[in-house]
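The values are calculated or read from the model by the stated rules, or taken from the named source; none is laboratory data. Model, not experiment: these values are computed from the prediction. Note that each Cβ is placed from the backbone with ideal geometry, even for glycine, and that neighbours are counted across all protein chains shown. Please note that ligands, DNA and RNA were not included when accessible areas were found on the heavy atoms of the full protein model with its side chains. Shrake-Rupley method; radii C 1.70, N 1.55, O 1.52, S 1.80 Å.
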Amino acid sequence: VTDGQGERVAAALEAAYRDERLKVLATIVRQVGGDLTLAEEAVQDAFTQAAAEWPGRGIPDRPGAWLNVTARRRAIDRIRREQTRTGRRAAAEQADQLTRLANEDRANMESLGNGVTDDRLRLLFTCCHPALSIDARLALTMRVVAGLEVPEIARAFLTTAPTVHQRIVRAKRKIEAAGIPYSVPTGDELIRRTDGVMRVVYLVFNEGHTATASDTAIRADLCAEAVRLARLLVELLPEHAECHGLLALLLLTDARRGGRVDAEGRLIALAEQDRTRWDHDMIDEGRRVLAGAVALDQPGPYQLQAAIAAAHSCAPVADETDWVSIATLYQALEQLDPSPVVRINRAIAVANADGPHAGIRLLDTLDADELAGYVAFHAARAELANRLGDQVSAAAEYERAINSSTNDAERAALRERLRR
Amino acid sequence: MSTDTNTDTHPRRHTMKYMLLLRQEPGTGPAEGTPEFDAEMSNWGALMGELGAAGALIEARGLDEESTATTLRSRGGERVITDGPFAETKESLFSYIVVEVDDLDAAIEWAAKMPNATYGSVEIRPLSVHEQ
């Protein structure tokens, strides 16, 4: 009986950490006046207390509410201790505010949950504020919003725990000292800043998606976290079509994970992947989410990329890919994002739809000097030269691509193509 | 979206003071004597009026050109005085404005209105909260 209880408590704690931690943290951050470190410590205290008390007193009916009230009390304790130590006046003000809020919430437990959406949005926008470096935004979002531990973040981003720790400490200090607000922007700024938040989520996913043999498992977790963050964005900003588009894109891309890498950890080209190894439930969900995005009638680059991914995933075999549609989607994407990667992919899609000559013509409009050393550019030129029967140019371009690549799996895949 | 629930319980009870450091590369921006220059001057004037009317303006001064700057370092009791600014950079500091606003986002909004933001830069530095 005791063992069963222990397992139930462990499962309840895990579920609470996964489902309630962010809500509780976001609420406490607001109530302590934006002091992220204090709020994190108080929430950690609440989970520690839960682990100590739940086995004896039982799992509360509403773990989230229990954690919320407990974290608030622990925040009050911490502020009072700090106040006694330093005699700081600002801390006294905060403690008064906290006591008032704790009383309010005890009086009306049903009000818990109101405003939680806004609190989580505030926290997300603070962690992704453009005044923080992109590395800091990534580290802070993974730590504060996703709830990952520092060593996990370090492994995922191929860096050391002290480096990640330092980034988080610096970012928190900047939030405090530079007066980065704990608020949701409005108007045009909301749109710009939402783009920034989506970029952070997309970068988290990309880190996970560029998998190599040695760290596949950790990277898969990172993709799953990115999908979770994208779901959160959809939940918090349901009227932003691009948030749905981002979620659709991540689902449709992540669904192909099982077919992307072979047993030796080598990347497999899309055309050669075993499509039965794709996650078709995830593909279906991605397509549903994309349909929901399109219904909002605000086109954008994430929706277009998701539509391209969807077009790939509904072809049962590579030969049945609808390249004409994909080429059209890339053309629309290029209007919004004329970056080299989009233009290169469009050229390949056009080559598949209309023949290699048409693709080469598009590649030739790119600045070859500027893109020298860019793997995707050399690989695309090699591929199309090969299709035209120009083996000499193809070999030279494959060599350039291999020499430019820093990823072992990618280099191996390119060597394989060079040999054929 | 409904941001009305908690927006008014603004966590930051104090305003913040920021120094906006305005820089531009010499030779960029409208040239003196052109209609564009006159238009820019009137933009600056209007912006200062706007800052004042919003109660955000603490102080604003233009700086003489960098060639007039003198930098002093005291090392081991020795004074080292050099001609010119602290560091030679492409963009030179030509003015500063101290504003008092709610938070960084508000300071960024003002910085974005500075005419030189389109061809130079505006650095936003919080004034230290510790009294010097």
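A few notes on this one:
- Across the range A:11-22, rounded Karplus estimates of 3J(HN,Hα) from the backbone phi angles (6.51 cos²θ - 1.76 cosθ + 1.60, θ = phi - 60°) give 5, 5, 5, 5, 5, 5, 5, 6, 9, 10, 3, 5 Hz, Gly and Pro being marked x.
- Largest-first principal axis extents, alpha carbons of the range B:32-82, Å: 49, 32, 7
- Contact surface B-A: accessible area buried, both sides summed, square angstrom, 1.4 angstrom probe: 1700
- Leading residue at positive end of dipole, chain A (Cβ point charges), from A:Ala309, A:Val32, A:Ala16: A:Val32
- Degrees, to the nearest 10: A:241-254 long Cα axis against longest axis of chain A: 70
- Our helix-only sum for chain B, with -39,500 (n - 2.57) per DSSP H run of n ≥ 4 divided by its residues, gives a mean residue ellipticity at 222 nm of -7000 deg cm²/dmol.
- Karplus 3J(HN,Hα) series, Hz, for the range A:134-150 with 6.51 cos²θ - 1.76 cosθ + 1.60 (x for Gly, Pro): 4, 4, 5, 4, 5, 4, 5, 5, 5, 6, 7, 7, 7, x, 6, 7, 3
- Angle in degrees between helix A:301-313 and the longest Cα principal axis of chain A, rounded to the nearest 10: 60
- In this view, the solvent-accessible surface of A:Asp284, computed with a 1.4 Å probe and all protein chains in place, comes to about 80 Å².
- In order along the range A:357-362, the phi-based Karplus estimate (6.51 cos²θ - 1.76 cosθ + 1.60, θ = phi - 60°) of 3J(HN,Hα) comes to 4, 4, x, 4, 4, 5 Hz; Gly and Pro are listed as x.
- Cβ-defined net charge surrounding A:Glu242, 15 Å radius [Lys, Arg +1; Asp, Glu -1]: -2
- Counting only alpha carbon atoms, the long axis of helix B:35-53 and the longest principal axis of chain B meet at about 50°.
- Short to long, the 5 Å bins of the Cα pair-distance histogram for the range B:7-132 hold 2, 9, 16, 19, 17, 15, 10, 6, 4, 2, 0, 0 percent of all pairs.
- Förster-model FRET efficiency, 51 Å R0, B:Lys113 and A:Gln5, C-beta, rounded to 0.05: 0.25
- Here the relative contact order of the range A:2-58, from alpha carbon pairs under 8 Å that lie six or more residues apart, stands at 46 percent.
- Normalised convex hull volume, the range A:229-287, alpha-carbon set, Å³ per residue: 88
- Taking the helices alone, chain A has a mean residue ellipticity at 222 nm of -23500 deg cm²/dmol, built from -39,500 (n - 2.57) per DSSP H run of at least 4 residues and averaged over all its residues.
- Convex hull (Cα only) mean projected area of the range A:131-252, reported in nm² to one decimal: 7.6
- Per residue value of the accessible surface for the range B:15-80 (all protein chains in place, 1.4 Å probe), Å²: 66
- Both radii come from the Cα set of the range A:239-373: Rg as radius of gyration, Rh as Kirkwood radius; their ratio Rg/Rh reads 0.99.
- Unit Cα scatterers, Debye sum, the range A:354-420: log10 I(q)/I(0) for q = 0.11, 0.20 Å⁻¹: -0.23, -0.76
- Computed magnitude of the charge dipole of the range A:302-407 (debye, nearest 20; Cβ of K, R +1, Cβ of D, E -1): 60
- Volume per residue for chain A equals 176 cubic angstrom (convex hull of Cα atoms).
- Neighbour count of at most 14 Cβ within 10 Å plus DSSP loop: longest chymotrypsin sites (Phe, Trp or Tyr not before Pro)-free window in chain B: B:1-85
- About its Cα centre, the dipole of chain A is roughly 1320 debye, where the only charges are +1 on Lys and Arg Cβ and -1 on Asp and Glu Cβ.
- A:Glu176-A:Ala271 FRET efficiency (beta carbon distance; Förster radius 51 Å; 0.05 resolution): 0.50
- The lysines whose alpha-carbon is closer than 29 Å to the alpha-carbon of B:Lys90, local same-chain residues fewer than 8 away aside, are A:Lys174, B:Lys17, B:Lys113.
- Whole-number D in µm² s⁻¹ for the range A:118-179, Kirkwood Cα-pair radius fed into Stokes-Einstein, 25 °C, 0.890 mPa s: 213
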